[in-house]
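Everything below concerns the one structure shown next.
The values are calculated or read from the model by the stated rules, or taken from the named source; none is laboratory data. Quick caveat, the model's predicted, so the values are computed rather than measured. Quick reminder, even Gly has a Cβ in these numbers, built from the backbone with ideal geometry, and neighbours come from all protein chains shown. All accessible areas refer to the heavy atoms of the entire protein, side chains included, with ligands and DNA or RNA removed. Shrake-Rupley method; radii C 1.70, N 1.55, O 1.52, S 1.80 Å.
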Amino acid sequence: MSRISSEWSKLEEDKNPIESLAESLLAAISEAIKSVASIEIEKENFIEIGCFLYRASMVIMEFHINNNSPTNVIEILASLSLSVDKAKNSAMKLQKNVHTIQSSEVRNILEQLQGVMRNIGDNLSMVPLSTYEDQEYAEKVAKALSKEIKAAYFVVSQSRVVESKEQLQMLSSVDISREYKMDTDLYSPDVEISAENLQLSGNFESRKSRDKNDYESWSAGSLMSLPQVAQYMEPLYETFFCPLTKKIMDDPVTIESGVTYERTAILERFHKFKNTEEIVCPKSGQKLKSTNLNTNVALKATIDEWKERNDTARIKVARAALSLASTENMVLEAIDDLQSVCSRNSYNKIHIRSIGMIPLLANFLNHKSRSVRCAALELLRQLAEYDSEGQEIIAKTVDISRVIKMLSSNHGPIRHASVSLLFVLSRSQFFCDEIGAVAGGILMLITVKYRQSIDVFTSEKADQILKNLEKLPNNIKLMAENGYWEPLLTHLVEGTEEMRMEMANYLGEIVLEPESKTYVAEKASLALIQMVHTGNSLSRNAAFQALKQISCYRPNAEILVEDGIIQIMVEEMFTRTIHNEPMNSKTEASAILANILESGKELEDFQVNVHGHTMSSDYIAYNIIHQIKNSTPDELNINLIRILLCLMKFPKASATIVSVIKETEASYNLIELINTPNEYLGVVSIKLLITLSAFMGHTLSTRLCKTRGQPESLIQNPTEITRITEKDAVSVNFLAKLPHQNLTLNLALVNGNIVPTLIKSISQIQITGMRSNRYASAYFEGLVGILVRLTTTLYDHQILLLARTYNFTSVLTELLTKSYTDEVHKLSAIGLENLSKQSINLSRPPQMAKTKILKFFIFQICISTKSSKGEEFSLCPIHRGVCSSQDTFCLLDAKADERLLACLDHENVEVVKAALSALCTLLDDKVDVDKSVSLLCEKHAIQHVLNVVKEHREEALWQKSFWVIERFLLKGGDKSALDISQDRLLPSTLVSAFHHGDECTRQMAEKILRSLNKMPTLTNTFTM
C-alpha cells in the first residue's frame, strides 16, 4: 500500500499521470510474473495465473499508447495495481514457505489469487468502449479476456481444473469452440508498435525452451520472457494431450476402449504386440478385440482451433517482444518462437506478414549481435519459402545489398543464412528484376561461387541463385560483364531464336576482357556464324556485331577460320543479295574479314569458295576494287581498303592487286579519297597508296600531280604540335615515300611553295620536341623525307636555289646532332650524301686578276685570298675551290663529317650505311683524295670504319667499308697502314668475307689482305 500511496502523491506533479501510473503498473505485473513463475508446486495453476497477468498487461498497454483515455482510467489503474500487489505478495509468501506449507494453506492462497484474478477481470470489464476507438477487435478481446479470467478456477491438484465437475459446469456456459475464436491479443495488424510506445520497466530474462509443445519440459525460468509466457496463452485441457506422448495431439483417434490417442503413437504401441489377441488399451488396460482407429473429429477440430488461436497470440506477443527488443535473448526467443509457429502451419506466415513483421525483421539485419542477424535471416527465409507473395514482399522490404554484403562475412552461419535467404528470394521475379540495381550484387555472387574451397555450401547456393537469375536476360548480361560467361554462351548456343538474338546483342555490346576473349570465341563463334548464315535480319545483325568484336582480338583468328568464317564473309561481301536487307551486312562482313587478315595469319592461298578462288586470286581483287570505284559507303570503303592493305603483304596477292589497280585506274579513286570528309577513310587510303608506291610510284606521282589541289594539300602546318593528326603524319610520309627522283612531283612541291612550310614545321618540332603528340614522330620523319627527296633533283635550278636559300646542308647536319629517331638520322645522312655529290660541281675557282693566278697555286691548303672585286674567301682543300655549306653544300664547312663519323657507331645498320655513304663522297675520285684522307685521319675516321666492319655483317656495308679502307691504305701513308694492320680482328673478318662474300666483296677483301701481306702477291708467271 505504501507504493500506491507514494504514486498517488506524485500524480499532481506529473505532466502525464496516466502514463506514469501505467508504466508503474506494468513494472508491477512484470515482478508478479517473475514471482509466480518461480513457484515449483502447483505449477500448472501458477502458469495459468502468469498467462492471465501477461494478457492483462496487453490491455494496460492500450492506456499507455492511446491518447483517448477514459475519465475513470486512474481509478481502474489504481484498482488493478492493488490486485497485482496482492497477487505478488501471495506468490512471494508461498515461495518462502514452499517446503513447509500445508495443502490447506496452498488451497487458501489459490482461493485468494482466484479472487484477485476475478477483481482484475471486473476492472477490465469497466474499460469504456471509447478507449479502443475504432478497433472493434480490441473491444472483443478485452471482453473475452475479462470473461475468461472471471471464469478461472484453481484447485490443489496435479491435473487440470477441467477435471473438476464444478469447473466443467462453470465452463459449460462458455462455448469454447466459438468464443475462443476471437483474437486474444490487443494489437491490430495496422498498429505500429515500437520501443517508444511499449515500455516495460525491468528486463525479462530467460533461457530458451526448445520444445514448444512439450508441457512437461517447462521450467520456472521459461516464463521470464515475453514469447515463453505466450506459448500457452490459451487455456490447455488434459484431453488435448496424448496419454502416451504427453504432447498435444495432431491427429487424435479413439480406440475400442473409448480412450483417445495420437494416431502414430497408438499404432506404434499396437505394433509391439506380436499377437493381436494380447493387445490392450495402454491407459485402461482393457483388452481390445479390434484395433480400428476412429478419428475424434470433434476433439481434432477443438485442438486445431486452439492451436490457431494460440499461434495468433504467440505471433502478436512475439511482435511486441521484437518491438521492445530490451535484450538480445528476448529478440532471439521471439524469433525462435515465430520459427516454431511457421513450421507448424504455413498459414501463420501470411499472418506474420499481415501484421507488419517483415520491416521489423529487416531492421534486425543491422543488429550488433551476429546471433540476432543470423536468426533474422533464417526467419525471413522461412517466411519466403514456397510463398511467391512472401518472396516479393521480402524482396521489396529488405535491403538486398545488406544481405549480399553478408556473403563476405567471416562468420559461417551468417554466410549460410544470407545465401539461403537469397536463394529463396531468387525464385521471385521481382528479386530477379531488382538484383541488377544492387551495386556489385551479381559480382559478389560470382565471387562466392568460385570460392568453393573456402565454403562449399555457400558456393553451391550462389551457383543456384545465379541459375535462378538467368530468368531475366539483363542479369545474364550483368554476369557476363562481371566475367561469368557460361550463362550467356549457353543461351546463345541452346536458347530459343529470340534468346539467341538477345545474347548475341549483349555479346556485341560487352567489352571483352583479354582473358575471356579466346574462351568466348571458342564457345560462341560457330553459333554466331550459323546465325549469320541462316538467321533472320535481326539475328544476322546481332551475330555480325558479336563476331566483329570477337575478331578484333587477333589470337581468335585461328578459331574463326577453323569454324568457316572466311567463306561466309566472302559470300556476304560479293555473292549474297537480299533485296529487303540493308547494305550494312556487307560492311560488317568486310570489317570481320579485315580483322582476321590483320591478325597476321597466312591466308594467301586460303580457298574462299567452291570455285577454287583464293585470297590472292583476281576474283577478290576485282570485286574489292569494283566496290571502291562504285562509291560505296565510307565504312565499307574503309574495310575494303583494310583488306587490300593486308593482302599487299603477300607476294602473289600484291602482284594481283597492283595489276588490277593499274588496269582499272583505281589509283585515281584512291587519290580522290584522300580529301574525303571521313578522316579515317582518308588515312587508310593514303596508307594503301604508300604501300602501292613501291610498285607503281611514278604512276602515282604523275596521277597525284594531275589531281586538283595536290600535292600541296597533303602538307598541313598545324598551329600546335599537339594538334598533329594521323592523317597529317601519313600524308607527309606518302610524299616522302614516292620516288625521290620524280622531277614532276618535286617541281609541283616547289611550285606549291611547300619548302617554307617544311622548314618552319621542322624548326617548330625541333624546339618543342615530339613527346607531346603520338603522331609527331611520324610527321617529323615525313617532313624530313620530303626535304631529302628534293636533294635528288638539285640539277633543276629552282630546286637548287631553294636548297641554297634555306641552307639544306645546315638543316640536315643539325638533325644529326640531336637524338631523333633512326629514320630521321638515316634520311639526314642520305640528304647530306646527295648534297655532297654536288659540291665538286658547284665549287669553282675564284675570279682573280691574272697577276695573282700564279700566287694562288703556290699557297698551301686552304689559304685566304681576294677576288677581282677585293672580296676575301677560303679555298676548300678537298673540292679545290671556293666552298661553303650554303652555296656548294660542303660537308667540311658545315662540319657534317664529324656527325657522320659519330653515326658510324650507331646500332641501326641503315643509319650506319647512310652515314658511310655520305662520307664516301669525300673520298671520290673527283675530289682531292690525298687531302681528304689526311683530314679524315686527323679525326680518326679509320677507327670508326674498322668498328663498322667488326660489328656488322651486312654485305653491302662491308663493301663500302672495304672501299674506304682500301682508300686509306693507298692514300693514307704509313700511319694509316699501321693503324689498319694493328687491328687484330680485321684479318679474320676479311678472311670470312673472302670465303663467304659475293664476287665484289671477295675481290675487295683480297686486295686488302694482299696490302696487309696476308696473302701472297703473284707478280711472275711460272711455266713448267
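What about Thr312, is it under 53 Å from the mean Cα position of the chain (by Cα) and either surrounded by fewer than 18 Cβ atoms within 10 Å (Cβ to Cβ) or within 18 Å of Ile248 (Cβ to Cβ) (or both)? In short, yes.
Just one of the listed residues (Ser418, Ser388) is hydroxyl-bearing (Ser, Thr, Tyr) and open to solvent by 70 Å² or more (accessible area, probe 1.4 Å), namely Ser388. Within segment 421-451, the residues that satisfy the criterion of being under 17 Å from the mean Cα position of the chain (by Cα) and open to solvent by less than 60 Å² (accessible area, probe 1.4 Å) are Ile435, Gly436, Val438, Gly440, Gly441, Ile442, Met444, Leu445, Ile446, Thr447, Val448, Lys449. When Thr719 is tested against the conditions (1) in a loop (DSSP other than H, G, I, E, B); (2) at pLDDT 90 or above; (3) β-branched (Val, Ile, Thr), the lone failure is (2). For segment 708-716, indicate whether the set of residues that are part of a loop (DSSP other than H, G, I, E, B) and within 45 Å of the chain's Cα centre (by Cα) is non-empty. Yes; the residues of segment 708-716 include at least one that is part of a loop (DSSP other than H, G, I, E, B) and within 45 Å of the chain's Cα centre (by Cα). Residues considered: His491, His533. Of these, the only one that is modelled with pLDDT under 90, part of a helix (DSSP H, G or I) and not hydroxyl-bearing (Ser, Thr, Tyr) is His533.
For segment 911-931, the set of residues classified as within 13 Å of Glu833 (Cβ to Cβ) and open to solvent by 40 Å² or more (accessible area, probe 1.4 Å) consists of Lys913, Asp924, listed by residue number. For Leu640, which of the numbered conditions (1) within 20 Å of Ala543 (Cβ to Cβ); (2) in contact with a Ser or Thr (Cβ under 7 Å, 6 or more places away or on another chain); (3) at pLDDT 90 or above; (4) of a type outside the set (S, T, N, Q) fails to hold? In the conditions (1) within 20 Å of Ala543 (Cβ to Cβ); (2) in contact with a Ser or Thr (Cβ under 7 Å, 6 or more places away or on another chain); (3) at pLDDT 90 or above; (4) of a type outside the set (S, T, N, Q), Leu640 misses (1) alone. Once segment 764-779 is narrowed to residues that are under 23 Å from Lys737 (Cβ atoms) and either open to solvent by 50 Å² or more (accessible area, probe 1.4 Å) or of a type in the set (Asp, Glu) (or both), the residue that is modelled with the highest pLDDT is Tyr775.
Residues are listed down the side, and each one gets a yes or a no for (1) more than 15 Å from Glu262 (Cβ to Cβ); (2) part of a helix (DSSP H, G or I); (3) free of Cβ contacts under 8 Å to residues at least 40 places away in the same chain:
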| residue | (1), (2), (3) |
| --- | --- |
| Lys272 | yes, no, yes |
| Lys283 | no, no, no |
| Asn292 | yes, no, yes |
| Leu299 | no, yes, no |
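The condition (being under 60 Å from the mean Cα position of the chain (by Cα) and among the charged types (D, E, K, R)) is satisfied by just one residue among Lys913, Lys931: Lys913. Please work out if Glu502 is loosely packed, with under 15 Cβ neighbours inside 10 Å and assigned to a helix (DSSP H, G or I). Against the criterion (loosely packed, with under 15 Cβ neighbours inside 10 Å and assigned to a helix (DSSP H, G or I)), Glu502 does not qualify. Out of the residues in segment 318-345 meeting the condition of being open to solvent by 10 Å² or more (accessible area, probe 1.4 Å), in a helix (DSSP H, G or I) and not polar (S, T, N, Q), tell me which one is nearest to Lys368 (Cα to Cα). Top of the filtered list is Glu328. When segment 932-955 is examined, which residues are found to be charged (D, E, K, R) and either touching a Leu at 6+ places or on another chain (Cβ under 7 Å) or modelled with pLDDT of 90 or more (or both)? Of everything in segment 932-955, those that are charged (D, E, K, R) and either touching a Leu at 6+ places or on another chain (Cβ under 7 Å) or modelled with pLDDT of 90 or more (or both) turn out to be Lys939, Lys950.
A single member of Ser731, Ser659, Ser713 is surrounded by 15 or more Cβ atoms within 10 Å (Cβ to Cβ) and over 22 Å from Glu588 (Cα atoms), and it is Ser731.
If you filter segment 601-639 down to residues that are among the aliphatic types (A, V, I, L, M) and over 24 Å from Ile559 (Cβ atoms), you find that the one that is surrounded by the most Cβ atoms within 10 Å (Cβ to Cβ) is Ala621. For first residues located in segment 879-901 and under 20 Å from Ala914 (Cα atoms), partners that are open to solvent by 20 Å² or more (accessible area, probe 1.4 Å) and basic (Lys, Arg) and lie 6+ apart or on another chain with Cβ distances below 8 Å form the pairs Asp897/Lys939; Glu898/Lys939; Leu901/Lys939. Is it the case, given these coordinates, that Ser525 is open to solvent by 40 Å² or more (accessible area, probe 1.4 Å) and touching a residue at least 40 places away in the same chain (Cβ under 8 Å)? No, not satisfied.
Whenever a residue of segment 249-266 is open to solvent by 30 Å² or more (accessible area, probe 1.4 Å), its partners that are modelled with pLDDT under 90 and not polar (S, T, N, Q), lying with C-beta atoms within less than 6 angstrom and at least six residues away or across chains, give the pairs Glu256/Leu288. State yes or no: is Asp974 charged (D, E, K, R), over 60 Å from the mean Cα position of the chain (by Cα), on the phi < 0 side of the Ramachandran plot and open to solvent by 70 Å² or more (accessible area, probe 1.4 Å)? In short, yes. Only one entry in Leu361, Leu383 is touching a helix residue (DSSP H, G or I) at 6+ places or on another chain (Cβ under 6 Å), crowded, with 20+ Cβ neighbours inside 10 Å and within 15 Å of Phe423 (Cα to Cα), namely Leu383.
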